[in-house]
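Beneath this line is the structure, given in structure tokens, with notes to follow.
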Amino acid sequence: METLRDILDAAARGVFPPPDGGTTVVPQHSARDAGVLCFTAHSVVFTDEDPRWVRETLAALDCDALAATMNPLFLAAFMERTGRACDTVDALFVGPPLPGEPALALKEIEDASHPRVRYARRRRDDVRVWSADGGMLAMGRGVGGRLEVSVEVNTVDPANADARRRGLGRALVTAARQIAGEPLWAQIAPGNARSMRAFQAAGYVPVGSEALLLAR
């Protein structure tokens, strides 16, 4: 049977589920993560719930079938059924590994009590975090065991007020591709236009959308 990781690995190579308007239901990769992936005209629901419940709930919705898996009514029913919560629907990007050494001076944070490390470990495994002048970079194993990246640019400190203008976000996510050694995934809120532009400028490409359901 095709697994969630199979689907993600194929998408990272540019091979997507058929655009047939269908929905594939696969088991969760881990107890932590359930949710919905949407590619072009095909959705993937990853859950340990009965696939019949998924299909019956989708069929009962009065909406475009192509939009059903991201319809608020389905997501609400999914959350109620599983006792989980969903923060937002993210755009999903992936970037191939990049040769060379990062241009940024990065210092790995070993302190497990650091707030950024604690936050990342709630959502990912095998987390590593680096600091740079004006920002931070985190990587870890998330949905389906894929390698995920997130960055933080500190623009509150007046000394770093021009960090975005200096392209620090782009430099951080470029450095992540050089460290990763494998396809690197990013979940980005569509309203965060600056982050969307930074990732695209660093060579990440959009592959779909994702609603991630986490235990409350």
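The values are calculated or read from the model by the stated rules, or taken from the named source; none is laboratory data. From a predicted model like this one, the values you see are computed outputs, not experimental measurements. Don't worry about glycine lacking a Cβ; one is built from the backbone with ideal geometry, like all the others, and counts go over all protein chains shown. All accessible areas refer to the heavy atoms of the entire protein, side chains included, with ligands and DNA or RNA removed. Shrake-Rupley method; radii C 1.70, N 1.55, O 1.52, S 1.80 Å.
Applying the selection to the stretch 80-93, what residues are β-branched (Val, Ile, Thr) and assigned to a loop (DSSP other than H, G, I, E, B)?
Residue satisfying the conditions is Thr88 alone.
Those residues that are free of Cβ contacts under 8 Å to residues at least 40 places away in the same chain and not hydroxyl-bearing (Ser, Thr, Tyr), I need them from the stretch 14-30; list them, please.
Matches in the stretch 14-30: Gly14, Val15, Pro17, Pro18, Pro19, Asp20, Gly22, Val25, Val26, Pro27, Gln28.
Quickly run through the stretch 94-130 and pick out the residues that are at pLDDT 90 or above and not in a loop (DSSP other than H, G, I, E, B).
Val94, Gly95, Lys107, Glu108, Asp125, Asp126, Val127, Arg128, Val129, Trp130
Considering Leu37, Leu104, which residue is within 25 Å of Arg177 (Cβ to Cβ) and touching a helix residue (DSSP H, G or I) at 6+ places or on another chain (Cβ under 6 Å)?
Of the residues listed, the single one that is within 25 Å of Arg177 (Cβ to Cβ) and touching a helix residue (DSSP H, G or I) at 6+ places or on another chain (Cβ under 6 Å) is Leu104.
Kindly indicate which of Arg13, Arg81, Arg55 is over 21 Å from the mean Cα position of the chain (by Cα) and surrounded by fewer than 14 Cβ atoms within 10 Å (Cβ to Cβ).
When all the criteria are applied, what remains is Arg55.
Considering only the stretch 4-40, state which residues are under 20 Å from Thr82 (Cα atoms) and in a loop (DSSP other than H, G, I, E, B).
If the condition is that a residue be under 20 Å from Thr82 (Cα atoms) and in a loop (DSSP other than H, G, I, E, B), then Pro27, Gln28, His29, Ser30, Ala31, Arg32 are the ones that fit.
Restricting attention to the stretch 109-132, which residues are more than 16 Å from the chain's Cα centre (by Cα) and either open to solvent by less than 60 Å² (accessible area, probe 1.4 Å) or within 16 Å of Thr174 (Cβ to Cβ) (or both)?
Ile109, Ala112, His114, Arg116, Val117, Val129, Trp130, Ser131, Ala132
Within the stretch 23-40, which residues are more than 23 Å from Arg122 (Cβ to Cβ) and open to solvent by 30 Å² or more (accessible area, probe 1.4 Å)?
Passing the criteria: Thr23, Thr24, Thr40.
For the stretch 47-88, how many residues meet the condition of being of a type in the set (Phe, Trp, Tyr) and free of Cβ contacts under 8 Å to residues at least 60 places away in the same chain?
2
What are the pairs, 6+ residues apart or on separate chains, where a residue within the stretch 99-128 that is closer than 20 Å to Gly144 by Cα has its Cβ under 6 Å from a residue that is part of a loop (DSSP other than H, G, I, E, B)?
Filtered contacts from the stretch 99-128: Arg124/Gly142.
From the residues in the stretch 94-108 that are open to solvent by less than 70 Å² (accessible area, probe 1.4 Å) and small (Gly, Ala, Ser), which one is nearest to the chain's Cα centre (by Cα)?
The extreme case among them is Gly95.
For Gly145, work out the one condition from (1) touching a Gly at 6+ places or on another chain (Cβ under 7 Å); (2) closer than 18 Å to Ala215 by Cα; (3) at pLDDT 95 or above it doesn't fulfil.
Here Gly145 clears every test but (1).
Criterion first (touching a Leu at 6+ places or on another chain (Cβ under 9 Å), of a type outside the set (Val, Ile, Thr), within 27 Å of Phe199 (Cα to Cα) and open to solvent by 60 Å² or more (accessible area, probe 1.4 Å)) does Asp6 satisfy it? Lay out the reasoning, then the answer.
On the way: touching a Leu at 6+ places or on another chain (Cβ under 9 Å): no; of a type outside the set (Val, Ile, Thr): yes; within 27 Å of Phe199 (Cα to Cα): yes; open to solvent by 60 Å² or more (accessible area, probe 1.4 Å): yes.
In short, no.
If you scan the stretch 133-144, which residues turn out to be closer than 29 Å to Ala34 by Cα and either assigned to a helix (DSSP H, G or I) or open to solvent by 90 Å² or more (accessible area, probe 1.4 Å) (or both)? Spell out the reasoning first.
We begin by selecting, within the stretch 133-144, every residue closer than 29 Å to Ala34 by Cα; these are 136-144.
Result: Val143, Gly144.
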